[in-house]
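What follows draws every value from the coordinates through simple rules; no lab data is involved. Computed from a predicted structure; not experimentally measured. Methodologically, a virtual Cβ is constructed for each residue, glycine included, from the backbone with ideal geometry; neighbour enumeration extends over all protein chains shown.
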Amino acid sequence: MAAPRASLRLVAPVWNGGTSGIRGLSRAVDPEGSQRKGRALLQFLADRFYDVEAVRGYLLQKQVLKVLQKNRSFTYIKERYGPYVAGASFILKQGGAVKFQDKEWMRPNGRGLSGELWKLREVPVEAVDASGCAINYQGLDNLLALRELQSLSLRCCPHVDDWCLGRLHQLADSLRELSLAGCPRISERGLACLHHLRNLRRLDISDLPAVSNPGLTQILVEEMLPDCEVLGADRAQSLKLGPEEQPRDTASSPIPA
Amino acid sequence: MLRGALRFGLGPGLLGRRLGTHRGGSTLGKAEGSGGCRGSGVSPVSSHVTFRTRGPGPRWEDSGSLGAGDWDGKVSEIKKKIQSILPGGAWSPLCDTSHLPPEHSDVVIVGGGVVGLSVAYWLKRLEKQQGAIRVLVVERDHTYSQASTVLSVGGIRQQFSLPENIQLSLFSVEFLRNINEYLAVVDDPPLDLQFNPSGYLFLASEEGATIMENNVKVQRQEGAKVCLMSPEQLRKKFPWINTEGVALASYGLENEGWFDPWCLLQGLRRKVQSMGVLFCHGEVTRFVSSSNHMETASGEKVTLKRIHEVHVKVDHSQEYQPVECAIVVNAAGAWSGRIAELAGIGKGPPGTLQGTKLPVEPRKRYVYLWHCPQGPGLEAPLVADPSGAYFRREGLGNNYLGGCSPSEEEEPDPGNLEVDHDFFQEKVWPHLAWRVPAFEALKVRRAWAGYYDYNTFDQNGVVGPHPLVVNMYFAAGFSGHGLQQAPAVGRAVAEVMLEGRFQTINLSPFLFSRFYLGEKAQERCII
């Protein structure tokens with residue numbers, strides 16, 4: 001690395017702005033003041049008592065397991081009803097919406113999956129709206145089986161990160177519209193692997209808090225995908241922020257060890 | 001009177017043993033000169049008796065002779081000394097040994113880089129009962145100024161030709177992807193490895209094309225996502241490449257790229273400390289071992305060695321601590337060969353197992369950072385030319401990192417980490433500018449050098465126990481792939497130590513015995 005200690009320093013502002021502690025994973029966008037005070041007390045106790053530390057570690061593990069459970073593979077449904085129905089039921093269970101070809105948008109109603117879903121075995125899925133869903137790298141398996149997917153919206157998904165974007169190349173043939181706005185874990189490094197999506201015509205990369213330089217990133221992504229319309233941060237706004245962003249960009253400042 | 005109390009009351013039996021410190025005298029009665037003082041300037045009371053307490057405390061005899069004239073001065077001095085002995089004063093019979101490692105440790109890991117810390121992590125993770133194994137990591141340089149880990153370019157790929165290497169890399173990538181589950185510490189912020197999933201692009205000329213095809217077949221069998229590209233496809237995808245001389249290219253689609261090795265190191269360090277591993281800042285200077293002369297079933301005589309103590313010398317001091325241990329792990333990176341020599345590996349007639357050295361030596365490699373305003377865009381992978389030159393993007397500002405492995409004749413002297421800028425001008429830039437015409441106009445901004453722990457035998461790692469020194473385990477010699485294989489290698493070594501054999505990934509081709517048997521586990525086309 002050019003300046004290994006510098007890169008650790010560069011990471012710190014993102015940490016503080018993003019998640020405050022591992023527990024803030026799903027509430028990445030907004031830590032509240034009173035919760036912070038409670039957390040300080042718990043931190044104090046955990047530093048001094050092994051039992052408190054163990055209990056907190058256990059609760060953390062449970063949260064992680066919850067996300068994993070939501071993202072398990074729907075193999076049984078896939079074998080019986082085909083990949084389209086499996087993918088659709090996965091999205092509906094997570095709370096998103098699915099649009100089959102020539103049909104209306106299906107949203108989850110309170111009473112579980114609707115009966116007509118099982119009849120749509122041969123109908124490909126055209127569009128998926130997974131905004132706010134807790135999809136992660138494993139759960140993306142179910143989505144990537146939808147080979148005729150044309151529009152995918154992953155707005156504000158808290159667990160979608162650069163690794164997940166690296167998998168999207170499997171949808172390169174069909175995907176025309178992609179929205180990643182508001183995902184707290186996506187950075188410009190993940191956006192670099194979107195160049196596989198050669199049929200992409202609309203890309204939304206606004207409001208990505210982990211991207212260090214939104215204006216420059218948008219220019220580079222536009223150069224990378226010449227046929228695509230890229231919606232990103234307002235360029236005038238990012239120019240205004242220019243002078244304040246300077247210290248983070250110059251990697252030449254000597255960093256004390 | 002007080003000296004008498006020191007000699008008899010606080011002798012070895014009472015306080016000395018429990019304190020566990022050596023101030024230059026060892027248990028066997030050897031006095032290593034007078035070198036036990038921590039620079040306090042006070043010489044020991046009597047150097048022929050092995051005291052384990054601190055110096056004599058307040059001295060009585062160098063106050064000079066009692067003269068009538070300075071009786072008041074004497075009284076005040078005596079009062080000061082009595083005050084220092086009383087509770088609350090500065091003198092205490094218990095010595096501060098916090099700078100020394102403990103006297104006993106079950107496992108001593110020599111080397112605190114990414115491989116050593118990975119072994120420590122997996123040992124603590126796979127132990128049968130929490131806290132069952134005491135692990136000590138000995139690292140000579142806590143600033144890691146010469147460590148290969150932090151000076152590395154940070155790439156990870158699955159494009160190898162040996163299935164074992166591919167499996168190691170696949171597991172390591174899975175580890176890095178879920179690093180916040182593996183290395184989670186309560187109340188610490190999550191790690192951001194800054195992973196760039198941009199992939200590796202290997203270019204092959206006519207001669208290398210068949211080898212590349214075979215390699216890709218093996219990689220796909222193991223589960224790596226790699227695709228082959230023809231020169232036309234290459235030109236379409238990456239128009240900035242000059243495909244002249246390229247017959248075939250292999251491109252890693254997923255799970256390949258580069259990341260920040262410093263972050264991984266700090267994350268491992270933090271987690272491993274929270275699991276109870278002790279760190280020691282010192283250098284291993286000696287192994288004390290015992291030999292067993294035995295006979296094999298066929299009647300050959302063989303000498304098995306077992307290491308009992310590791311002498312760890314403290315920095316800038318003559319002080320050392322013998323650490324009694326059960327197992328030693330050699331994860332010293334570029335200096336693993338030296339550690340193996342200390343353990344007596346390779347001392348014997350050449351051609352025998354006793355005479356087989358660990359063929360790992362440091363090799364210097366340069367990395368250059370340059371700026372090129374019209375260079376390849378955001379989609380650029382880590383491109384490796386058939387000539388051996390490679391480069392990748394660094395950040396958003398059109399900066400690029402790259403280098404080239406020198407041929408055997410041009411190997412630079414590994415004595416220091418000075419950078420040779422002429423090497424870039426003559427050996428690296430021509431190949432880069434040929435492959436990517438935009439690089440004809442570039443400006444080198446920075447350069448640094450790091451060591452490969454180069455395995456001169458077959459350029460792949462050495463993992464597992466030594467056949468004769470029965471309790472030394474190796475995890476070294478990765479020749480440039482150490483960082484990307486570290487998590488998986490750590491797990492493999494921990495499995496061998498705890499279970500006796502490899503359980504998840506079978507690394508038998510990487511055992512030490514291959515050097516004696518002559519079985520090379522060689523990669524085809526490495527950087």
Practice task
Calculate the translational D of chain B in whole µm² s⁻¹ from Stokes-Einstein, where the hydrodynamic radius comes from the Kirkwood formula applied to all Cα pairs, the temperature is 4 °C and the viscosity 1.567 mPa s.
Solution key: 50 µm²/s
Problem - Stokes-Einstein diffusion coefficient of the stretch B:357-415, Kirkwood radius over Cα pairs, 10 °C, 1.306 mPa s, in µm²/s - result: 119 µm²/s
Exercise for the section: Before rounding to the nearest 500, sum -39500 (n - 2.57) across all DSSP H runs of length at least 4 in chain B and divide by the residue total; then give [θ] at 222 nm in deg cm²/dmol. Expected result: -7500 deg cm²/dmol
Problem - Mean projected area in nm² (Cα convex hull; one quarter of hull surface) for the stretch B:149-255 - result: 8.4 nm²
Exercise for the section: Just tell me which lysines come within less than 24 Å, Cα to Cα, of B:Lys124; anything on the same chain fewer than 8 places away is out. Expected result: A:Lys62, B:Lys271
Exercise for the section: Would you mind checking the tilt of helix B:209-222 against the longest principal axis of the Cα atoms of chain B, expressed as 0 to 90 degrees and rounded to 10? Expected result: 60 degrees
Problem - Local electrostatic count, B:Ser152, Cβ distance below 14 Å [Lys/Arg +1, Asp/Glu -1] - result: +2
Problem - Contact order relative to length of chain B, as percent, for alpha carbon pairs under 8 angstrom and 6 or more apart - result: 18 percent
Practice task
Quick one, can you get me the convex hull of the C-alpha atoms of the stretch A:109-217 expressed as volume per residue in Å³?
Solution key: 104 Å³
Handout entry: Surrounding net charge for B:Ala343, when Lys and Arg each add one and Asp and Glu each subtract one, Cβ distance under 15 Å
Key = +3
Problem - Euclidean distance between Cα centres, the stretch B:67-99 to the stretch B:215-273, Å - result: 68 Å
Fill in the blank from the handout: With R₀ set to 41 angstrom, the calculated FRET efficiency between the beta-carbons of B:Glu295 and B:Gln129, to the nearest 0.05, is 0.65
Exercise for the section: Obtain the radius of gyration and the Kirkwood radius of the stretch B:359-508 from its C-alpha atoms and give Rg over Rh. Expected result: 1.07
Completion exercise
Short to long, in 10 Å steps from zero, the percent of alpha-carbon pairs of the stretch B:259-332 per bin is 15, 30, 29, 16, 9, 1
Problem - In sequence order, calculated HN-Hα J values of the stretch B:117-131 (Karplus, 6.51, -1.76, 1.60; Hz; x Gly/Pro) - result: 5, 5, 4, 4, 4, 6, 4, 6, 7, 9, 5, 5, 10, 5, x
Problem - Neighbouring partner chain Cβ atoms per residue of A:164-170, average, 10 Å criterion - result: 4
Practice task
Report the Stokes-Einstein translational diffusion coefficient (µm² s⁻¹, integer) for the stretch B:99-166, Rh taken as the Kirkwood radius over Cα pairs, at 37 °C with viscosity 0.692 mPa s.
Solution key: 228 µm²/s
Problem - Interchain or long-range residues, amide H under 5 Å from A:Met106's placed H - result: A:Val98, A:Lys99, A:Phe100
Exercise for the section: Excluding A:Val85 itself, calculate the net charge of residues whose Cβ lies under 10 Å from the Cβ of A:Val85, where each Lys or Arg counts +1 and each Asp or Glu counts -1. Expected result: +3
Practice task
State the Cα centre-to-centre distance between the stretch B:341-380 and the stretch A:74-149 in whole Å.
Solution key: 50 Å
Fill in the blank from the handout: The size of the Cβ-based charge dipole (Lys, Arg +1; Asp, Glu -1) of chain B about the Cα centre, to the nearest 20 debye, is 1700 debye
Fill in the blank from the handout: The Cα extents of the stretch B:442-527 along the principal axes, largest first and rounded to whole Å, are 53, 27, 23
Exercise for the section: Please give the helix B:261-274 orientation as an angle from the longest Cα principal axis of chain B, in degrees from 0 to 90, rounded to the nearest 10. Expected result: 40 degrees
Exercise for the section: Quick one: work out Rg over Rh on the C-alpha atoms of the stretch B:56-205, Rh as Kirkwood radius. Expected result: 1.29
Exercise for the section: List the equivalent ellipsoid semi-axes of the stretch A:167-224 in whole Å, largest first, each obtained as the square root of 5λ for an eigenvalue λ of the Cα gyration tensor. Expected result: 19, 12, 10
Completion exercise
Amide H contacts under 5 Å for B:Trp258, restricted to residues at least 5 apart in sequence or on another chain and with H modeled in the peptide plane, are B:Ile156, B:Asn196, B:Ser198, B:Gly199
